[in-house]
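**Student:** There's a structure below that I have some questions on.
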Ligand code: F6P
């Protein structure tokens, strides 16, 4: 799987095809193939995916599928689904798909029944969530829990925070969740504001239980609790989610109140493990189960659909097409759903920590760009901020538009006759249409526009987008969206030949921060960080702190 895909005939064929397709406009592609709007679509579980507004012909799609085959996507996928150690640099299996297996489906990882272990933890999580939600779990003063504060960072924060916000409608036990991640004390201080220690439960979420930010915040939170309720209160107000029981115990949390997971779950793939405990407490174990089922439905699709009809495969191939053949530098993710506001941030870790690599799994350097940069904001807010560049800028930025048929909160329009949700969705459809088809100078001139303004008003179009629609924002559809992107990242990583499941690139910064910390508070001898810029910055900081 680590051979140089860019040296393959399949890659060369795409280069040749790119020369033919790149000069063509989506207006022409639609004119010569009018059925594409209806036919270049896919159903993945409840997700309706329109990929017709991409700068591809049906021949391009065929060649892209050839590329997936040449890169060994089906074989690599099957290795993941059978528990093989495809995270080669860490010699680990990649088992997040086991976290959402229904009861009765089996998967052995490293000689153990992963499915049985997963369901055992889910059962314990469910019992715990039930007891917190029902008020049976009481804090040190005998009161029930009103707020859970998840302390974690990266995969131990972004997933649960994003899903909690997305599913606020399903949080039915009047328990609020807050998420603390940043070692900037402002985060913890702001999130503790207004909370009563007696009704607050901390979930310390850390796969390794060694992450500086999380342990620092957890220690500060414990001080806050102990100052109000005393040391004995810790047992009733702190639980942990981790793979590291020893460190959890060292921190002072009873391992009876620890929910485990496994080294075969990557941090950025862990929202469906016990890392999702804060979500389960707020929405309940049944809804959490629906979230897992949604993910599993997409797993089944990914594992079984032919490559040419496989949603994650096709969307990944389009990502490769723009990144490697058009030289696109990023992909915008634009949820037309305010509740999905954190989805782009969540995807940033998923894609960039997974595929931001310069060497292949075998250690040889890659020969193409890797790692799509994902960014975005909810529509319609983004329209009034950065869409100008999407429409008329010089860069090609493919975009994913996400929308829902039904709103969880519809309200009437100003005159009371329409639906605000219809306005939202008409904006989504308008944007994808304008991006694709634009407006020509002739069309603008024909409207009697001042000729000096015509060039300013030309809308070039030919800007590609995918539209992903789902019936409603539910636990299941949120799970489906996550799994859809997880598998895209997997397919892209497979094509580039990289290990999408390690993250060595984050280590050195952590070590350097630990080494520099004492210099910041030491007396006024010259800083000795090892380079003149860092020394000067630290000296400036000391002088001004
Ligand atoms: O810094 C990167 C990282 O290791 C992520 O991969 C991970 O999600 C995050 O830190 C948090 O790690 P942990 O859950 O072990 O605290």
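Throughout, read-outs are computed from the coordinates displayed, never taken from laboratory work. Everything numeric here is computed off the predicted structure, so don't read it as measured data. Neighbour counts run over all protein chains shown; Cβ positions are idealised from the backbone, glycine included.
**Student:** Within segment 336-373, list the residues whose amide N lies under 13 Å from a label point set 7 Å along Cα→Cβ of residue 506.
**Tutor:** 346-356
**Student:** Take residue 110 and residue 420, extend 7 Å from each Cα along the Cα→Cβ direction, and tell me the distance between the two endpoints in nm.
**Tutor:** 4.9 nm
**Student:** How do 525, 90, 372, 28 rank when sorted from fewest to most other Cβ atoms within 10 Å of their own Cβ?
**Tutor:** Least crowded to most crowded, the residues run 525, 28, 90, 372.
**Student:** Just to compare against my own numbers: the Cα pair-distance distribution for segment 504-543, 10 Å bins, whole % per bin, please.
**Tutor:** The percentages, shortest bin first, are 30, 52, 16, 2.
**Student:** Follow-up. Given a Förster distance of 45 Å, report the FRET efficiency between residue 440 and residue 184 from their Cβ-Cβ distance, rounded to the nearest 0.05.
**Tutor:** That pair, residue 440 with residue 184, gives E of 0.35.
**Student:** May I pose another question? At R0 = 30 Å, how high is the FRET efficiency between residue 389 and residue 544 if r is their beta carbon distance? Nearest 0.05 is fine.
**Tutor:** That gives a FRET efficiency of 0.25.
**Student:** Roughly what angle does helix 58-70 make with the longest principal axis of the chain, taking Cα atoms, 0 to 90 degrees, to the nearest 10?
**Tutor:** With rounding to tens, the tilt is 40 degrees.
**Student:** Say each of residue 195 and residue 525 gets a label point 7 Å from the Cα, pointing the same way as Cα to Cβ; how far apart are those two points in nm?
**Tutor:** Between residue 195 and residue 525, the label points sit 4.0 nm apart.
**Student:** Indicate, rounded to the nearest 5 percent, the antiparallel portion of the DSSP beta bridges found entirely in the chain.
**Tutor:** Once the DSSP bridges in the chain are tallied, antiparallel ones form about 30 percent.
**Student:** Can you tell me how much longer the chain between residue 127 and residue 6 gets when fully stretched, taken as 0.36 nm per residue apart minus their C-alpha distance, in nm with one decimal?
**Tutor:** 38.4 nm
**Student:** Provide the percentage of antiparallel DSSP beta bridges, counting only those with both residues in segment 312-403; round to the nearest 5.
**Tutor:** Close to 10 percent.
**Student:** When only Cα pairs under 8 Å and 6 or more residues apart are kept, what is the percent relative contact order across the chain?
**Tutor:** 19 percent
**Student:** Here's another thing I want to ask about it. Counting other C-beta atoms within 10 Å, which of 137, 264 has the fewest, and how do the rest follow?
**Tutor:** Listing 137, 264 from fewest to most nearby Cβ atoms yields 137, 264.
**Student:** May I ask for the angle, rounded to the nearest 10°, between helix 212-229 and the longest principal axis of the chain, with both axes built from Cα atoms and the value confined to 0 to 90°?
**Tutor:** With rounding to tens, the tilt is 40 degrees.
**Student:** Please list, short to long, the whole-number percent of alpha-carbon pairs of the chain in consecutive 20 angstrom bins beginning at zero.
**Tutor:** Going out from 0 Å in 20 Å bins, the chain shows 20, 50, 27, 3 percent.
**Student:** Quick one: angle between helix 420-437 and the longest Cα principal axis of the chain, in degrees between 0 and 90, rounded to 10, please.
**Tutor:** Once rounded, the angle reads 50 degrees.
**Student:** Here's a follow-up. When a footprinting reagent is the concern and you count Cβ atoms within 10 Å, what order do 147, 60 take, fewest first?
**Tutor:** Ranking 147, 60 by Cβ neighbours within 10 Å, fewest first, gives 147, 60.
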